[in-house]
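The values are calculated or read from the model by the stated rules, or taken from the named source; none is laboratory data. Predicted model, so just to flag it, every value in this text is computed and none were measured. Positions of Cβ are backbone-derived with ideal geometry, glycine not excepted, and every protein chain shown enters the neighbour counts. Areas reflect the complete protein model, heavy atoms only, side chains present, ligands, DNA and RNA absent. Shrake-Rupley method; radii C 1.70, N 1.55, O 1.52, S 1.80 Å.
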Amino acid sequence: MMKARDKVLIVDDSDINRSLLADMLAQDYELLEAANGLEAVTIMSQQYNEISLVLLDIVMPMMDGFEVLASMNKAGYIDHIPVIMISAETSSAYIDHAYDLGAAEYISRPFDEKTVKRRVKNTIMLYAKQKYLENMVTEQLLEKEKNNLVMVEILSHIVEFRNGESGLHVMHIRVITEALLKQLCRMTDRYNLTTEQIAMISNASALHDIGKISIPESILNKPGKLTPQEYAVIKTHSAIGAEMLEKIHYFETEKLVQVARDICRWHHERYDGRGYPDGLKGEEIPISAQVVSLADVYDALVSVRVYKAAYTHEEAMQMIFNGECGTFNPLLLECLKEAGPTLKKELKIRSLSGASRIELQDMARNLIQSGNASNRTLALLEQERTKYQFFASMSKEIQFEYNFHSDLLSISEWGSAQLGINEVIMHPLKDSQILNLFDSADFNDFLTKIRTAEPENPILSGTYPLNIKGVSRWFKVVARPLWVMEESSELTGVIGKFIDVHDEQIELDQLKQMAKIDSLTGLYNRAYAKRALDTILNTGGHASQNFALLVFDIDFFKSANDEYGHLFGDQVLANIARRIQANVRKSDISARIGGDEFLIFMEYKDHLEQMIERIFQALNGSYQGYDITVSMGVACFPQDGLDYLTLFHHADQALYAAKRRGRRQYCLYESSMQDLLTGVSAEA
């Protein structure tokens, strides 16, 4: 079987230089070419695991060789992909800077074929040996970790076997402990637990009952109720287990041993101090022992024992929260409540397929460490990516991917054409193409959603107007941040898509507008005006402001309908609306609140009567020979009322007073008018 050839990436803006290097190396290597640094970074981000070496020019457009090296350092590529700089620059400052940034070799132009071939071959061999040694060390560490876990498993299973229980209890305790600790870290930083500490406590939890090895089987496996004397013997297992671990002299300072010792001794302590063996209370109990204690109780309830049948998840939760199983840290109970549904499902899966899980982990580990397998996996992933891009283009979706370490944004080919921006953008947060695409407030809102998203609820979305080639269009963005192992706050990137929802958004805006606008006059309707006034008057930010509420109707409007018909009456109402709009400010609120009744709400500073007089005179006049006059009532905030209903009722009373005085006039509310309209509802 022919060995796969090493892949070399040639990066140079000169076609002839790339051609010369390709002629020298094509017989021995598979070649990739990039005409500038930006193309090179893009290729490396896509084929990182396949590239054996990069030949890199320094002086290039868009992104020079030094910037490529800096990007490789940031993304962590430089430790695994060797770089040979190729340049006509022979200055020591250039050469030193290249080496400082991680270049492995430096070749000056014009090229010497033998030198190029020898240095490429030697550099690839050197890095291959280094990678082999790294893999060997990694294998040894993994094997050591595996052996340690196997020994812990064997020892804990011996205890479980002697205890008459299935080995599932040990696995369950570890699963529950890990889930509770992760949930605890999401809810508080009080205990400052790292991912490594969570793994250590979870592993150490398997030894929580090691002291039971000293308890007689007749007591351990007794099907009936224990006597007080037998229960006293059982209770000794926690102290005995701790003592056993304390006597491991060669490893007594190992953190795993110390954590396991704490768990052994104190996993039967209770938060209220009523546990054993030391009667510790509250935070005197190490958090590791607190978590294992709760995990132990939960699994004991939902599992079959020689002395009991299994309770359901729901029954177990009820018993724990009712305090039937002792007192626990309230924060841990909240963690159990949050993690409960997941635990119920997870324990069922683990119970059915413990062996399969281990086999899959081993397969995954072997795949990661196998170069050929990785290439195959990457090829399959590339195939899936091509499929996704095809379907995304068919569904009018713009796919994007952001790599945090390389600070590189990649946009699907179809998407970049639609947005009118480049497919690949370095440093997108500073790039004018991206900054021009979003309104600054919308962009900050989107970034905030990314930064505050959590692995339990990772999908985020928002709808924003984007500047597409100078035209504003509405898009919905759906994105998913990516984290290291999905268990930390360290972002590695973001994937997502933009969906054009412009037509739907415009239709929605129109529907919203229709819901608040009177179709005949174009003014606000009664319901919206009330909500708008309530919002203004209830915010509390208007303490030093003065407002006037003007309520008016058309005098003898019924005669217009009777003499000229309802169509003419509608034209009169529309004419009044145009007069209102021509004489109020954009900040004022104008509405048609009934047949021929209208409302104007406006702020004033002084000269109130002059303002009212001006509007009143503007409303009176004629339309196609029909005389239009109005009667108006005015109530003022804050002196005449502090809320909409009170103000409207007082303005309505003033309007009634104006009509009683002969119409075609306005009245400001006075306290003497408060008995007018008695019995009439004040609700508008």
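A few notes on this one:
- The loop-placed trypsin sites (Lys or Arg not before Pro) in region 561-636, going by DSSP, that have at most 15 neighbouring Cβ atoms within 10 Å of their Cβ come out as R585, K586, K605.
- One decimal place: the segment T629-E113 gains 175.8 nm when fully extended, by the rule 0.36 nm per residue minus the C-alpha distance.
- Magnitude of the charge dipole, region 559-667, Cβ model with Lys/Arg +1 and Asp/Glu -1, debye to 20: 220
- In the full protein context, region 583-633 carries 47 Å² of accessible surface per residue, based on a 1.4 Å probe and ignoring ligands, DNA and RNA.
- Here region 580-629 has 45 percent of its accessible surface on carbon and sulfur atoms, given a 1.4 Å probe and all protein chains in place.
- Gained length - N444 relative to K222, 0.36 nm times residue gap less alpha-carbon distance: 73.5 nm
- FRET efficiency, 1/(1 + (r/R0)^6) with R0 56 Å, evaluated for N422 and E603 via beta carbons: 0.70
- The overall shape of region 546-654 is prolate: from the C-alpha gyration tensor, with semi-axes ordered a ≥ b ≥ c, the ratio a/c is 1.5 or greater and a/b exceeds b/c.
- Hypothetical label at R5: residues of region 111-129 whose amide nitrogen lies under 18 Å (7 Å Cα-Cβ projection): 113-114, 116-125
- Residue-normalised accessible area of region 251-350, expressed per residue, 1.4 Å probe, Å²: 49
- Ignoring lysines fewer than eight residues from K449 along the same chain, the ones with Cα atoms less than 28 angstrom from its Cα are K74, K182, K337, K396, K430, K469, K476, K497, K512.
- Cross-link partners of K225 among aspartates and glutamates, defined as those whose alpha carbon lies under 15 angstrom from its own and excluding same-chain residues fewer than eight positions apart: E217.
- FRET efficiency for the pair R664 and E454, taken as 1/(1 + (r/R0)^6) with r the Cβ-Cβ distance and R0 = 56 Å, rounds to 0.25.
- Taking E504, E283 and ordering them by how much accessible surface each has at a 1.4 Å probe, largest first, produces E504, E283.
- Given a 1.4 Å probe and the protein chains as shown, Y402 ends up with an accessible area of around 50 Å².
- Distant-in-sequence amide H partners of L466 (H built 1.01 Å from N, under 5 Å): R473, W474, F475
- Compared with the alpha-carbon gap, the fully stretched path from W483 to Q513 is longer by 6.6 nm at 0.36 nm per residue.
- The fraction of accessible area contributed by carbon and sulfur in region 398-492 is 51 percent, rounded to a whole number (1.4 Å probe; ligands and nucleic acids excluded).
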